[in-house]
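First comes the structure, then the notes that go with it.
Derivation of every value follows stated rules applied to the coordinates shown; laboratory data play no part. Keep in mind the model is a prediction, meaning the values are calculated, not measured. Because the Cβ atoms are built from the backbone with ideal geometry, glycine has one as well, and the counts that use them run over all protein chains shown.
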Amino acid sequence: MRKIFFLDQFSKVYGPVYSIYLGFTPAVVVRGLKDLKEVLVTRGVEFADRPQNRISEVISGRKGLVVAPYGRSWKEHRRFTLSTLRNFGLGKKSMEERIYEESAHLIEELKKNKNSLYDPHYVLENAVSNIICSIVFGRRYDYDDSTFQDILNLVCEHMKLATQFWAQLYNAFGFVRHLPLPHQKMFRNVEIVFGFLRKVVEEHKRTRVPEQPRDYIDCYLDEMNKEQRDDNKSTFEEENLFTCLVDLFVAGTETTSSSLDWSLLYMMLYPDIQEKCREEIDKIRGERDHVDYEDRVNMPYTQAVLQEVQRFASVVPLGVAHASIKDVQLNGFTIPKVSKILFLSYLKRMVEYIFSSSQVTMVKGLQNLPCCPIPFVYLLFIFIQNTYIK
Ligand code: HEM
């Protein structure tokens, strides 16, 4: 957070677009809605690349979805992943069913610990990743499955290690790779996670019926067969599958479960707001067991609270770095090809600019708000709020 604070302060001196050296790596920092929109939306393709470094090379090998460079492999995998996730229910009623099912397990688990001091982080993480696993692996994992818990912990630890000093030192000096320093743990963790995924993929190969996919992995194996028939230079191959699986896991699990952590924490800090959310959910639910995703349009207060929590918590405060695919002009500056671009999205003022001030201050209360979209997985939050916290 301190780093973000300084980057924010610099922008007051140097403007909304400025360059900075992060260690030995030059980077461009973009702050302010106008320029962020320009980079991420209007001229998205010009800035669609991802900066590569030693860590990302070793871990992702220029494959997968999140840090893969802009090019054929990324485009094909992004298209394939989006359409496969949609086919398996993302944004649809069938996905909602998966969330209902998981929320029932989650609430049972939380109830078990109702009268004791309890950190819900791991069980929330497990619940969120189970929803992703149900699409990707075709199964969920019990909250006391120690192998899966270990994998989740390694993924979480990996996120921390990859941004720490030793990892950055290795990015700067290749010879650091083999020194017995803490970053070695990161490479061991990757091996363990890949080992787990290898077993899951092997199991799928043994049990699948071609062209009758049960989940993302089956679809990918079908795609590999198809591509091998059509073109022997296919980008669909096993190493790319492992990286996509890790990416979906990492990108989906930590972000969403941290957002849920913060939601619960803020509800504890603001019991009056918690009560108002519950009243609104109860009113819309009526005699039914639970509310549906489509009910959200009638819950403007709860939606605004969830958005407000996301703004406060800002779980990815610098975004995921982009890079320019050619020399580009931005705000009167020439940004050279493959420059690393960071985004300062942790901006109270920017959000105040998007929403009116009456909507952004949680403690002042939130009334008469227009409906705005909330992430699907926040249904989990609504179930916990509705059933457990009474
Ligand atoms: C509250 C939850 C989430 C937050 C805050 C979040 C945030 C982000 C951010 C900031 C990016 C970078 C976008 C960019 O650089 O253009 C990103 C990319 C991505 N996220 Fe999420 N995410 C969340 C949930 C998920 C979930 C549930 C999944 C999937 C299961 C997911 C999969 C991805 C993937 C695959 C990418 C890379 C996309 C690309 O490069 O085109 N995320 N996310």
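For the reader, a short list of remarks on this structure follows.
- For residue 322, nonlocal amide neighbours, meaning residues 5 or more places apart or on other chains whose placed amide H falls under 5 Å from its own, are 341.
- Packing-based ranking, highest mean first, of 126-137, 280-291 given that Cβ atoms within 10 Å are counted: 126-137, 280-291
- Net charge of neighbours whose Cβ lies under 15 Å from the Cβ of residue 159, counting Lys and Arg as +1 and Asp and Glu as -1: -3
- Mean Cβ count within 10 Å, highest first, over the residues of peptides 197-203, 155-161, 61-67: 61-67, 155-161, 197-203
- Packing-based ranking, highest mean first, of 327-340, 239-252 given that Cβ atoms within 10 Å are counted: 239-252, 327-340
- Counting only DSSP beta bridges whose two residues both lie in the chain, roughly 65 percent are antiparallel.
- Label-point gap, in nm, between residue 33 and residue 105 - each point 7 angstrom along Cα→Cβ: 4.1 nm
- In the chain, helices alone account for a calculated mean residue ellipticity at 222 nm of -18000 deg cm²/dmol, with every DSSP H run of four or more residues adding -39,500 (n - 2.57).
- Across the chain, the mean sequence separation of Cα contacts (distance under 8 Å, 6 or more residues apart), normalised by length, yields a relative contact order of 24 percent.
- The chain, dipole about Cα centre (Lys/Arg Cβ +1, Asp/Glu Cβ -1), debye to the nearest 20: 1280 debye
- Phi to ³J(HN,Hα) by Karplus 6.51 cos²θ - 1.76 cosθ + 1.60 over the stretch 19-26, Hz, x for Gly, Pro: 10, 8, 8, 9, x, 9, 9, x
- Size of charge dipole - the stretch 188-345 - debye, nearest 20, with Cβ of Lys, Arg +1 and Asp, Glu -1, no other charges: 520 debye
- For the stretch 198-347: relative contact order, % (alpha-carbon pairs under 8 angstrom, 6 or more apart): 13 percent
- Length gained when the stretch residue 326-residue 166 is fully extended (0.36 nm per residue, less Cα-Cα span): 54.5 nm
- Mean Kyte hydropathy of 0.0 or more with a Cα span along the axis of at least 30 Å, helices from DSSP in the chain: 238-269
- Taking θ as phi - 60° and the Karplus parameters 6.51, -1.76 and 1.60, the scalar couplings of the stretch 52-61 work out to 9, 9, 4, 4, 5, 4, 5, 7, 9, x Hz in sequence order, x denoting glycine and proline.
- Placing +1 on each Lys and Arg Cβ and -1 on each Asp and Glu Cβ, with no other charges, gives the stretch 127-178 a dipole about its Cα centre of roughly 260 debye.
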